[in-house]
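Starting off with a structure, shown below.
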Amino acid sequence: MTTHADDTIQTSSPVPPRATGGLRRRLLKILKRLPVWIPLALLMGWTILPILITLSISFKIPGEVYSAPQLIPANPTLDAFREILARQGFKGAFVNSVVVGLGTAILTLLVAVPAAYAFARFRFRGRHLLLLFTLLPRLIPSLGLMVPLYRLAVALGALDNRLTLVVVFTGTILPLAVWLLVGFFQQIPRELEEAANVDGTNLWLRIRYIVLPLAVPALITIGVLAFREAWNEFNLVLALTRTAGNRTLPYELWLLQDSVGFANNPGMAAFAIMTLIPFIFIYLRIERYVVGGITAGSTK
Amino acid sequence: MTSMRAKPNQVSRRSLLRRSFMRPPTEDRNSLIGHSRVIPYLLSGPAIFMVSLLLAFPVLYAIWQSTYRAEVIGGETEFVGLQNYIDLFGDPAFLSAMNRTAIFVFGCLILGISLALVFAFALNKAGRRLRFLRGITIVPYLVSGVAAAVMFRLMFNAEFGQVNRTLEFFGIDGPEWFSTPSLAMVATIIAQVWTDLPLAVLLILGGLQTIEPSLLDAASVDGATGWHRAWYVSIPLITPQLAIATVWFSYGTLTSLGVVLALTGGGPMDATRTVPIHLYETAFVELRRNEALAIVVVILALNALLTLIYTTVSRRYDLRS
């Protein structure tokens, strides 16, 4: 690279070599970019390091965590993962999380799509409720729902039931889902539906064959956000479940943390890593939906 | 006719369609779509019912039941008026929990908003790598609060945690994070900020991306350095996004239970016993549910105050997008 540059300099001009000038310019350029690069490196470290360190601990055996605390494990082992996978608590909670997560995503879409269509296309008296929908999730955090919904579940005999979790999580994510979908449906030109209308298509067919295919990105966004909500929710699982058979992963992880104390650090690390599994697998595909969803949901 | 539309099973699809939608276009409404008295209520009914039952009803229930109290745990409740609130605000444990929550929220805001600003400015200049970097930024959003707490527990461990090992490298003797009250609060704040930061970064980044480049160019021509441009041009322009990010951050930290409960459990010596922990213990450990509902109402009131700020800000700046 440098010899090549020397060649060109010799052939092009007899004046003192400009290679050092180029180097200086390049150094200056790097120096100028430092105020951007340092924060970006910091951002990467801040975001990734806690996960990497946990991953590193999950590949060690308990004693090694203390005796060899370096980041890269000397003898990586999957023992901790095997141990956690063999735990009844984990298996049950994982299945519950998947069931409740998918159930919430599906129920949210089933309830939110018609509602959003009504808000987006019809003029009716209930329309002003839409504004309430945008404010409710902010006014009412899940922390505030713990005790009242516990009481409600006791009264309805619905305590400690996975279906209750699905319904409750759907209720907490619905306002956001409807709000996002209304915005999306309003962008679909009415003319498309009018044309289909003239051709003799009823409401159901119009939603099925015109609106929904165009709204696929929004549907994926809402499905992902609903799944995440159900997968990560801790407060309401704490309030609404009693037996191990109905708990989801965050609750089970919290119990593990309480019970094993300091002894099984790799086990805890492995458990924490495994709660990330669904996102690791689909993350690259859903990233833009998540970005779009959380920003759209928060500004307004 | 409306009853026909309400019962689609009784008529064939085509006749229903003709009845409800094949109207000649009228002058005042230039659209054929969206004319029905009943259908919108049928479509939105389930959602409105679920939201009323699961979000609105609990609030009314909390307000109503917070005026009752059971003399014996699990016993009959009787009306006590505002006594639960009077007792609550006379309870030193609750007052110090409020105090700690204030410290916790402000600590999170100071650390979180400064980090979010730095990160958002850097991301805004990231150029081609933006998408990849932004993708990394939102990873904590997908991690549950409990899992994040487990990660930070391992990181801040006094014996093998990477935080103390790094401090050791610089010749500083690492402290016992979770048995020193003030440091436990610091560790909790850091873990909470980690889980809540992505949204703040994205909001501020969104604001930065809407700034007209010509404004920054004009400032450069006038001789403003990078820092000056950021401070005197960019930050004033993103005030609304900054305000919204602040309010959102406050929501998350004010009502955070999972992170604190799994990280410190409120300890050591109640040093991180915030209002959410106090609420959890009153309701589910001490089983004083009606008293807990009074705490719920206080939290809801604080949240409503934040929402008021939020709506004022977004209305004044008319934030859309």
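Quick one: A:A105 ticks every box in (1) within 14 Å of chain B (Cβ to nearest Cβ); (2) in contact with a helix residue (DSSP H, G or I) (Cβ under 6 Å, 6 or more places away or on another chain) except a single one, so which number is it?
In the conditions (1) within 14 Å of chain B (Cβ to nearest Cβ); (2) in contact with a helix residue (DSSP H, G or I) (Cβ under 6 Å, 6 or more places away or on another chain), A:A105 misses (1) alone.
Which residue pairs have Cβ atoms under 7 Å apart, sit 6 or more places apart or on different chains, and have a first residue in the stretch B:205-223 that is closer than 24 Å to B:S114 by Cα and a second that is aromatic (F, W, Y) and at pLDDT 80 or above?
Sorted first by the residue in the stretch B:205-223, then by its partner, the pairs are B:L208/B:F121.
Here's a follow-up. Given the criteria modelled with pLDDT under 80 and facing chain B (nearest Cβ under 10 Å), does A:T248 qualify? Steps first, answer last, please.
Numbers: modelled with pLDDT under 80: no; facing chain B (nearest Cβ under 10 Å): yes.
In short, no.
Something else about it: Only one of (1) within 27 Å of A:P250 (Cα to Cα); (2) aliphatic (A, V, I, L, M); (3) under 19 Å from the mean Cα position of the chain (by Cα) is not met by B:I136, so which one is it?
(3)
Can you tell me how many residues within the stretch A:168-222 are within 27 Å of A:L149 (Cα to Cα) and facing chain B (nearest Cβ under 8 Å)?
Qualifying residue count, the stretch A:168-222: 7.
Another question, then. Which condition number in (1) farther than 30 Å from B:N124 by Cβ; (2) at pLDDT 85 or above is the one that A:N75 fails?
(2)
Tell me which helices (runs of 4 or more DSSP H) are completely within the stretch B:205-321 and hold 1 or more residues being touching a Cys at 6+ places or on another chain (Cβ under 6 Å) and under 27 Å from A:L253 (Cα atoms), or say none if there are none.
Details: elements: B:213-221, B:239-254, B:258-263, B:275-280, B:289-317.
Filter on the stretch B:205-321 gives B:239-254.
Filter the stretch B:147-178 for residues that are more than 7 Å from chain A (Cβ to nearest Cβ) and of a type in the set (A, V, I, L, M); which is nearest to A:I51 (Cα to Cα)?
Restricting attention to the stretch B:147-178, the residues satisfying the condition of being more than 7 Å from chain A (Cβ to nearest Cβ) are B:148-149, B:153, B:156-158, B:161, B:163-164, B:166-178.
Next, only the ones that are of a type in the set (A, V, I, L, M) stay: B:148-149, B:158, B:163, B:167, B:172.
On the way: B:A148: 9, B:A149: 11, B:A158: 18, B:V163: 14, B:L167: 19, B:I172: 24 Å.
Going through the qualifying residues, I end up with B:A148.
Could you list, in sequence order, the residues of the stretch B:139-177 that are more than 21 Å from A:P250 (Cα to Cα) and either among the hydrophobic types (A, V, I, L, M, F, W, C) or outside the structural domain of B:G266 (by TED's automatic domain parsing) (or both)?
B:A158, B:F160, B:V163, B:L167, B:F169, B:F170, B:I172, B:W177
Cβ-Cβ under 6 Å, sequence separation 6+ or interchain: first residue in the stretch B:72-101 and within 12 Å of B:R288 (Cβ to Cβ), partner of a type in the set (A, V, I, L, M, F, W, C) and at pLDDT below 85. Which pairs?
B:T77/B:A70
Checking A:R82 against (1) farther than 30 Å from B:L308 by Cα; (2) within 8 Å of another protein chain (Cβ to nearest Cβ); (3) under 28 Å from the mean Cα position of the chain (by Cα), only one condition comes out false. Which one?
The one condition A:R82 does not meet is (2).
I've got another one for you. Looking at A:A112, A:A93, which is the one that is closer than 26 Å to A:R208 by Cα, crowded, with 23+ Cβ neighbours inside 10 Å and either within 21 Å of the chain's Cα centre (by Cα) or among the hydrophobic types (A, V, I, L, M, F, W, C) (or both)?
On the way: A:A93 fails: closer than 26 Å to A:R208 by Cα.
Of A:A112, A:A93, the one residue that is closer than 26 Å to A:R208 by Cα, crowded, with 23+ Cβ neighbours inside 10 Å and either within 21 Å of the chain's Cα centre (by Cα) or among the hydrophobic types (A, V, I, L, M, F, W, C) (or both) is A:A112.
Which residue out of B:V193, B:V186 is out of contact with any Asp or Glu (no Cβ under 6 Å at 6 or more places or on another chain), more than 18 Å from B:A245 (Cβ to Cβ) and part of a helix (DSSP H, G or I)?
Details: B:V193 fails: more than 18 Å from B:A245 (Cβ to Cβ).
Selected residue: B:V186, the only one of B:V193, B:V186 that is out of contact with any Asp or Glu (no Cβ under 6 Å at 6 or more places or on another chain), more than 18 Å from B:A245 (Cβ to Cβ) and part of a helix (DSSP H, G or I).
Limited to the stretch A:138-150, what total is found for residues that are assigned to a helix (DSSP H, G or I) and either at the interface with chain B (Cβ under 7 Å from one of its Cβ atoms) or surrounded by fewer than 20 Cβ atoms within 10 Å (Cβ to Cβ) (or both)? Let's see the steps before the verdict.
As a first pass, look at the stretch A:138-150 and keep what is assigned to a helix (DSSP H, G or I): A:138-139, A:142-150.
Restricting the remaining residues to those that are either at the interface with chain B (Cβ under 7 Å from one of its Cβ atoms) or surrounded by fewer than 20 Cβ atoms within 10 Å (Cβ to Cβ) (or both) gives A:138-139, A:143-149.
So the answer is 9.
Out of the residues in the stretch A:253-273 that are more than 9 Å from chain B (Cβ to nearest Cβ) and in a helix (DSSP H, G or I), which is modelled with the highest pLDDT?
So in the stretch A:253-273, the residues more than 9 Å from chain B (Cβ to nearest Cβ) come out as A:255, A:259-261, A:263-264, A:266-267, A:270.
Remaining after also requiring in a helix (DSSP H, G or I): A:255, A:259-260, A:266-267, A:270.
Values: A:L255: 86, A:S259: 65, A:V260: 57, A:P266: 85, A:G267: 85, A:A270: 89.
Applying the filter and picking the extreme gives A:A270.
The values are calculated or read from the model by the stated rules, or taken from the named source; none is laboratory data. Quick caveat, the model's predicted, so the values are computed rather than measured. Cβ coordinates were reconstructed from backbone atoms using ideal geometry, including for glycine residues, and neighbour counts include every protein chain displayed.
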